[in-house]
Amino acid sequence: MGAGDRLAEAVEVMARIRRDGEWEAAQTHASLLPYLLEESWELVDAVVDGDRDELVSELGDLLLQVLFHAAIGEERAEGAFDIHDVAGALLDKLRRRAPYWFTADGAVGLDAAEQDRLWQEAKAAERAGRPPRGVVDGIPWDMPALALGQKVLARARSAGVPDELVPAQMTVIHVDPAGLFHEHTAGRRDDGPGAESESGSAEVAYRQVVRTFARDLREAESRLDVAAADASAADWHAAWPARPA
């Protein structure tokens, strides 16, 4: 059986599972999200461990999630879609953002920096005519706190937000032996009222720090007289919300 046949068989089996399985038939896109997240982290572990068989197995579990969501998509009353639409969406995006992969020469002569530039240019062209996207718009806020902080910091620095406006709590994390999170760091900017978390959870406390910084970033962006992409360090300083002492 060829690779294409195995994929086609997987799609057919998933359709039967969705139709005949009592638990499977009751699932929704939302109810499957915890499993999708769990499988993603198990894949991360498999990559770190370097176990070939485990990696293949975890990729299969992630594929199951994709097939499951596609099977649910076929049942939508409006805007129904199937696995072919999912694959088509991927191919369409690649044709827009990396059309060289659909030519005989492929990426010959293109280094990583040039590939990234072409991708970002195509991505910006797709957004042309739409309202400008805010610096932190489109970020999935339910991702793990540390990954969320990394994403927000990357967006902020890409927009030219000066490092001195980034609170120490975003870049230096202190966790004591009991697992409690301490946000204040001597000699660095205090994050103001509400910075100390009473949850005792490093995850919850750091998420609070990230969301507070993102709130300040949004507020500052709304005060800018120029687009965020054109703002200077001085512009960001002038627009940054003041905190009470």
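Modelled spin-label separation between E9 and D116, with each label point placed 7 Å from Cα along the Cα-to-Cβ direction: 4.2 nm.
Taking amide H atoms as placed 1.01 Å from N in the peptide plane, the amide H of H174 lies under 5 Å from those of H182, each 5 or more residues away in sequence or on another chain. Between P167, P144, P131, the Gaussian network model of the chain with springs among Cα atoms under 10 angstrom shows the greatest mean-square fluctuation at P131.
Membrane-span-like helices in the chain, defined purely by DSSP H runs whose alpha carbon atoms cover 15 Å or more axially and whose average Kyte-Doolittle hydropathy reaches -0.5, are 3-20, 29-49, 52-73, 83-97, 145-158.
Considering only G160, T28, H237, and ranking their Cα positions along the charge dipole of the chain that arises from unit charges at the beta-carbon of Lys, Arg, Asp and Glu, the one farthest toward the positive end is H237. Considering helices alone, the calculated mean residue ellipticity of the chain at 222 nm is -19000 deg cm²/dmol, with DSSP H runs of length four and up weighted by -39500 (n - 2.57) and normalised per residue.
When Lys and Arg each count +1 and Asp and Glu each count -1, what net charge do the other residues less than 14 Å away from R95, Cβ to Cβ, add up to? Charge balance in the 14 Å sphere: +2. Here the dipole of the chain is about 1100 debye; that uses its Cα centre as origin and unit charges on the Cβ of Lys and Arg (positive) and Asp and Glu (negative). In terms of accessible area, using a 1.4 Å probe and ignoring ligands and nucleic acids, L148, L62 rank largest first as L62, L148. Accessible-area rank, largest first, for K123, K93: K93, K123, with all protein chains present and a 1.4 angstrom probe.
The values are calculated or read from the model by the stated rules, or taken from the named source; none is laboratory data. Not measured: the values here are computed from a predicted model. Because the Cβ atoms are built from the backbone with ideal geometry, glycine has one as well, and the counts that use them run over all protein chains shown. To get the accessible areas, we keep the full protein, side chains included, count just its heavy atoms, and leave off ligands, DNA and RNA. Shrake-Rupley method; radii C 1.70, N 1.55, O 1.52, S 1.80 Å.
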